[in-house]
Amino acid sequence: MTDPLTAREALALVTGDFAPFPTTEDRPAGDGPIGWPGYGAAHARAAGRTGESESVVCGTGTVGGVPVVLISFEFRFLGGSIGERTGARAAAAHAYARDHRLPVVVLLATGGSRMHEGMRALLQLQRLAGESARTRAAGLPQIAVLRDPTTGGGWATLGAGSDIVLALPGAQVGFAGSRVRPPGADPAAYTAEAQFAHGHVDAVVPAEALAGTLGRWLTLLTRPADGPVPPPPALGVPRAPAGSGREAVARARHPDRPRADRYLAAFFTSREEISGDRCGGTDPGMLCGFGRRPDGRTVAYAAQLGTATRPAGFRTAARLVRLADRLGVPVLTLIDTPGAANDPAAERDGAGPAIADLFGAVATARVPVTALLVGEGGSGGALALAAPGNTWATPDSYFSVIAPEAAAAILKRAPEESGVTADQLRLRPGDLLELGIVRGVVGPPDSTGPIRSGGA
C-alpha cells in the first residue's frame, strides 16, 4: 500500500477553494453506541493525530470551473472507517447537493464499516446507498475517485455506486480488505488496475492529472446539448454507386473504409470514455463515453468498431444510454458490426440478455437518440444500437436481417449464391431508404446539405 493522502491533500489536488460545511456534532458519548471498550479514547486520539473530528470532510468547491459538493475521506482517522457520524455528514452533503443542484465528487480512502460501532455502523451503508440513489434520481452526476485504500462498504456504496469511477494508480481497491481475504489471494486482483481491466473502473488517473480529468468530466456531464443530435456527415465514399448487394457488402467490409473512431474524432472536439459493464467485462470493440461538440455542449456516444460485439459491449452501451438519459444528455450511436458474438463464451456471458437490455435502454430513453450506420449492420447485434425512427446510413454501409453468407447457408444454397442472396435481402443504403428502415443517406461534409436521401 502506498502512503495514503490525507483528506485535505486529496481536496487540494482537485480544487483551490474548498469550503467545509460547519460541523456541530459532539464526540461519541462514552465508548459509543455499543460500548466498545476504549472507543472514546481511540476516537479522541484519532482527532488529535489528524486534526479532523471524523473520518470524512465535506464541503463545496470548484473543479474545472464547475461548482461541486466534495466528500473526502481521512484514512488516518480510524482507517477512514464509516460510522454513524460519517454517514450523517455524507448524507447531509448529498442533501445539500440536491438542494443546490450540484454534482457530487467523492474522494474515497476507507477500510469499510467501523467495528467499534457494530451494526449501527454497518447500517450506514444503507443510508449512503439511499442518499446516492436519491441524488441519482435527481439527475445529478456523481464521480468517485478511489484513493489508497478503498475497500469494504465504502467501495460498495459511494465508490462503485457512482456514475463515473476514477482511481489513482496502485490504489488498493476491493470489497475485501487485506486482512480478511482468503489465504493465498493474489494481491494484484485487489488493485485499481485490476478493477479497470474487469470493467469496474472507468479510468486509472495519475494524481497530477486528476484535477484536469475531473474538470473535463464535470463539464461534460453538466452541459448537455439541446435537442436531437444531427447525424455526422459521411467520411467515406460521397455517394453509393449503383450496384449489387454484393458490392454494397464489399464496400462496407473494405479495410480502408472509415471506422467509428474516425467519425468520433471528426464530430467531437474532446471526449472522455467510460469503460466496462460493471459486471466483470469490457469490450474493446465498443467505444462509449461523452464528447464535446464545437458549441461546447455535450453528446453521449456508443460506437461499434466493426468487430462482433461482446455481451460486455452491449451492457456498457446500455449503461451509457441510461446514464445519459438520467442526466438529460442526447445520444449518438454509430453502428458497425457483423453481428453479435455467438461463440460459447459469449453465450455463457449472456449475449441474449445483454442485447435485450440494450434494446430496452434505447426504447425507454427520454432523451433523443440518433443512430448512424457507418459500415456493417449485422442483424440484431446492430439493430440494438439503432434509434427507432431516427437511424441514418452512410453510402458505404449495409443493414441486413442476417449476413448474406449465413442467409445462403440457412437456405441451403451454395456459397457462390451469397451474392444473389445479398440482392434479395435488399440491404443497400438506397434499399433501406425505400423500405423506410433509415431516414436518409448522409452526404459528405462539404455537401450542400448535411443529409440527402436516395442513392442505390
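Some notes on this structure:
- Taking the stretch 315-420 as the region of interest, the strands (runs of 3 or more DSSP E) fully inside it that hold 1 or more residues being over 17 Å from residue 433 (Cα atoms) are 331-337, 369-378.
- Between 284, 258, the distinction of being assigned to a loop (DSSP other than H, G, I, E, B), under 19 Å from residue 393 (Cα atoms) and in contact (Cβ under 8 Å) with a residue 12 or more places away in the chain belongs to 258 only.
- Criterion (assigned by TED's automatic domain parsing to the domain that holds residue 379, crowded, with 24+ Cβ neighbours inside 10 Å, in contact with a helix residue (DSSP H, G or I) (Cβ under 6 Å, 6 or more places away or on another chain) and of a type in the set (Gly, Ala, Ser)) met by exactly one of 252, 312, 324, 300: 300
- Which listed residue, of 188, 197, is out of contact with any helix residue (DSSP H, G or I) (no Cβ under 9 Å at 6 or more places or on another chain) and either farther than 25 Å from residue 168 by Cα or not assigned by TED's automatic domain parsing to the domain that holds residue 432 (or both): 197
- Search result, residues across the stretch 81-107 that are surrounded by fewer than 17 Cβ atoms within 10 Å (Cβ to Cβ) and basic (Lys, Arg): 101
- Some residue of the stretch 287-307 being free of Cβ contacts under 8 Å to residues at least 40 places away in the same chain and charged (D, E, K, R): no
- From the list 210, 220, the lone residue that is over 17 Å from residue 268 (Cα atoms), touching a residue at least 60 places away in the same chain (Cβ under 8 Å) and in a helix (DSSP H, G or I) is 210.
- Among the candidates 37, 33, 67, the residue that is assigned by TED's automatic domain parsing to the domain that holds residue 13, without any contact (Cβ under 8 Å) to a residue 12 or more places away in the chain and not aliphatic (A, V, I, L, M) is uniquely 37.
- Of all the numbered requirements in (1) closer than 19 Å to residue 53 by Cβ; (2) assigned to a helix (DSSP H, G or I), residue 158 misses one, and that requirement is (1).
- Unmet requirement for residue 106, which otherwise passes all of (1) assigned to a loop (DSSP other than H, G, I, E, B); (2) closer than 18 Å to residue 15 by Cβ: (1)
- One residue from 47, 12 being in a helix (DSSP H, G or I), surrounded by fewer than 19 Cβ atoms within 10 Å (Cβ to Cβ) and under 30 Å from the mean Cα position of the chain (by Cα): 12
- Residue match in the stretch 83-103 (condition: assigned to a strand (DSSP E or B), in contact with a strand residue (DSSP E or B) (Cβ under 6 Å, 6 or more places away or on another chain) and within 20 Å of residue 4 (Cα to Cα)): no
A quick yes/no check of all residues on (1) more than 24 Å from residue 319 (Cβ to Cβ); (2) without any contact (Cβ under 8 Å) to a residue 60 or more places away in the chain:
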| residue | (1), (2) |
| --- | --- |
| 126 | no, yes |
| 151 | no, yes |
| 156 | no, yes |
| 165 | no, yes |
| 172 | yes, no |
| 176 | yes, yes |
| 193 | no, yes |
| 197 | no, no |
| 202 | no, no |
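The values are calculated or read from the model by the stated rules, or taken from the named source; none is laboratory data. Quantities reported herein were computed from a predicted structural model and do not represent experimental measurements. Glycine gets a Cβ as well: all are built from the backbone with ideal geometry, and neighbour counts include every protein chain shown.
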